[in-house]
Amino acid sequence: MMCQRCKKKRASVRVTDVATKTEIWLCEECAQKEGVTLKSQVSLADFLAGLIKAPVTKEMARLAKLKCPECGITYLEFQSKGRFGCPNDYEVFSKLVEPLLDKIHGSTRHVGKRPAGTPPPADKGASLSALKSALETAVKAERYEDAAKIRDEIRSLKDKESGA
Amino acid sequence: MELSAFESPAGEWLKGEGPESDIVVSSRIRLARNLAGHHFLSRASTEELQDIESSVGTYLREDDGRFAGLYFRMSELSEIDRYVLVERHLISREHSVPEPGRAMAATGDESLGVMINEEDHLRIQSLRSGLQLREAWQAIDDFDTGLSEKFGYAFSPRWGYLTACPTNVGTGMRVSVMLHLPALVMTQEIEKLFRAISKINLAVRGLYGEGTQAYGDLYQVSNHVSLGRTEEKIIDALEGVVTGVIAYEHKARQRILSTHRLETEDRLWRAFGMLKSSRVLSSEEMMHLLSAVRLGTCMNILPAIDTRTLNEIFLLTQPAHLQKVVDRALSPEARDVERAVFIREKLAAFS
Ligand SMILES: [Zn+2]
């Protein structure tokens, strides 16, 4: 496929705006002009900055001015660079980070490997998003019995949440 | 840095062995990790970065031991040497900028590699030739566990491995498979394939950041969701897609043979002739011709050139490698001449 910008070179990079869900195919030259820094591994990091929208509510505006006590970064600085300053930032800005993670990954909870010596998760990792992704996988693999079980789990989790 | 420092002139990913190696060049898994108790790169002091480099470096060379032969600080390498590492996919282009605290390590066979202080404190990667994602995962899983015992990672039970950029958080994992898809390019089905793949949340791109094209019909398929799925699920999903693409490429190869046999044979033999006899050969043209020759040998149309020879041509004629091979700096024009000389010698035995 040809680059949808210059229409001259072969496209090799898919650029997706996660916020608007639109996508275009670009050659690497045009992708670079778009501000996508190419790596030997695909990284959406560099145009992420453009996706992190300005906070809308007053509460969020207040949060955006929060400063991480560890590294001193503010959410606004993170917005402009697309990189956090220290591991603590996820916690400090969690109210703003969670919707962002959901946009990028379609999930806000880790379910994979844990470093040596980390205690196992207390809730057995049964978060809604993990179950939803498990359901999707089961349906795709045509494991319908599994899918039905997962659906039940999701339902009971949702009931619990609405009851609380 | 001497090229002979690498155990094999072509490295693990260019060995050309392993399952599905007529289409799958290599399987790669990368994990992004940060050390607990330190700032991420953008907020860390030079001193802090150098401390990380020195303690991780000592561990890799002395405690682990497998990295004793290939360990380099970016600031201590010449520009050409840094580009050699980029061309071998051992470091990213960004990492080749010699900032303080940046280093790389690899095992002699290049199946495991580490970038220290790239975008995260550690970027570790595992490589296998052919389609061997599970083997690649096992190797990196063990290595990663060892590192976590020694250093302690920035980890949250909620969000997983914490990374400088939230696109990598969670598993910190990027799985990618490099595929040679010349028949799908010829039949112009590659576009359809790209669209299908992008709909299921995977990314496709060309081989190198360098240049402007999907060089030599080589494409990398990778995940970009790293949070909310287990490592096994991410690998399963990618492997499923790749298996489909392989079948698709096989079908396209059969179809061009059954419908356009003479044209295909003519095209592949011409590419072979040009590759063998050119006097001036740009890197781009070489990749294009080499792709056809690779296809021709896989389809038993051209003489059986071993994959290793093809891979050596591929790697050793990249600009930085070529200058190491002839042991002097070359202008782009001189490179095109030397590239043709090198390839003529390599292919002289085949006709
Ligand atoms: Zn911080």
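The values are calculated or read from the model by the stated rules, or taken from the named source; none is laboratory data. Keep in mind it's a predicted model, so treat the numbers as computed, not measured. A quick note on method: Cβ atoms are made from the backbone with ideal geometry, for glycine too, and the neighbour counts reach across all protein chains shown. In case anyone asks, the SASA skips ligands and DNA or RNA and just uses the protein heavy atoms, side chains included. Shrake-Rupley method; radii C 1.70, N 1.55, O 1.52, S 1.80 Å.
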Taking the conditions exactly as written (modelled with pLDDT of 90 or more, away from the ligand (no atom under 16 Å from the Cβ) and more than 7 Å from chain B (Cβ to nearest Cβ)), does A:Lys103 satisfy them or not?
yes
Selection from region B:170-186 of residues that are more than 7 Å from chain A (Cβ to nearest Cβ), open to solvent by less than 10 Å² (accessible area, probe 1.4 Å) and in contact with a helix residue (DSSP H, G or I) (Cβ under 7 Å, 6 or more places away or on another chain):
B:Met173, B:Val175, B:Val177, B:Leu179, B:His180, B:Leu181, B:Pro182, B:Ala183, B:Leu184
Can you tell me how many residues in region A:97-110 are in a loop (DSSP other than H, G, I, E, B) and open to solvent by less than 40 Å² (accessible area, probe 1.4 Å)?
3
Which listed residue, of B:Phe155, B:Phe151, is of a type in the set (Phe, Trp, Tyr) and out of contact with any Phe, Trp or Tyr (no Cβ under 6 Å at 6 or more places or on another chain):
B:Phe151
Of all residues in region B:33-55, which are open to solvent by less than 20 Å² (accessible area, probe 1.4 Å) and touching a Phe, Trp or Tyr at 6+ places or on another chain (Cβ under 7 Å)?
B:Arg33, B:Asn34, B:Leu35, B:Phe40
Region B:273-308, subset hydroxyl-bearing (Ser, Thr, Tyr) and in a loop (DSSP other than H, G, I, E, B), residue most open to solvent (accessible area, probe 1.4 Å):
B:Ser282
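So that you can scan it fast, the table gives a plain yes or no per residue for (1) within 16 Å of the ligand (Cβ to nearest atom); (2) among the polar types (S, T, N, Q); (3) touching a strand residue (DSSP E or B) at 6+ places or on another chain (Cβ under 9 Å):
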{"residue": "B:Met1", "(1), (2), (3)": "no, no, yes"}
{"residue": "B:Ser21", "(1), (2), (3)": "no, yes, yes"}
{"residue": "B:Leu31", "(1), (2), (3)": "no, no, yes"}
{"residue": "B:Leu35", "(1), (2), (3)": "yes, no, yes"}
{"residue": "B:Tyr71", "(1), (2), (3)": "no, no, yes"}
{"residue": "B:Ser111", "(1), (2), (3)": "no, yes, yes"}
Go through region B:47-99 and give me each residue that's assigned to a loop (DSSP other than H, G, I, E, B) and within 22 Å of B:Gln318 (Cα to Cα).
B:Leu77, B:Ser78, B:Arg88, B:His89, B:Leu90, B:Ile91, B:Ser92, B:Arg93, B:Val97, B:Pro98
Please go through region A:58-77 and give me each residue that is out of contact with any Lys or Arg (no Cβ under 6 Å at 6 or more places or on another chain) and more than 9 Å from the ligand (Cβ to nearest atom), ordered by number.
A:Lys58, A:Glu59, A:Met60, A:Ala61, A:Arg62, A:Ala64, A:Lys65, A:Leu66, A:Tyr75, A:Leu76, A:Glu77
Of all residues in region A:78-96, how many are outside any loop (DSSP other than H, G, I, E, B) and either facing chain B (nearest Cβ under 9 Å) or within 12 Å of the ligand (Cβ to nearest atom) (or both)?
7
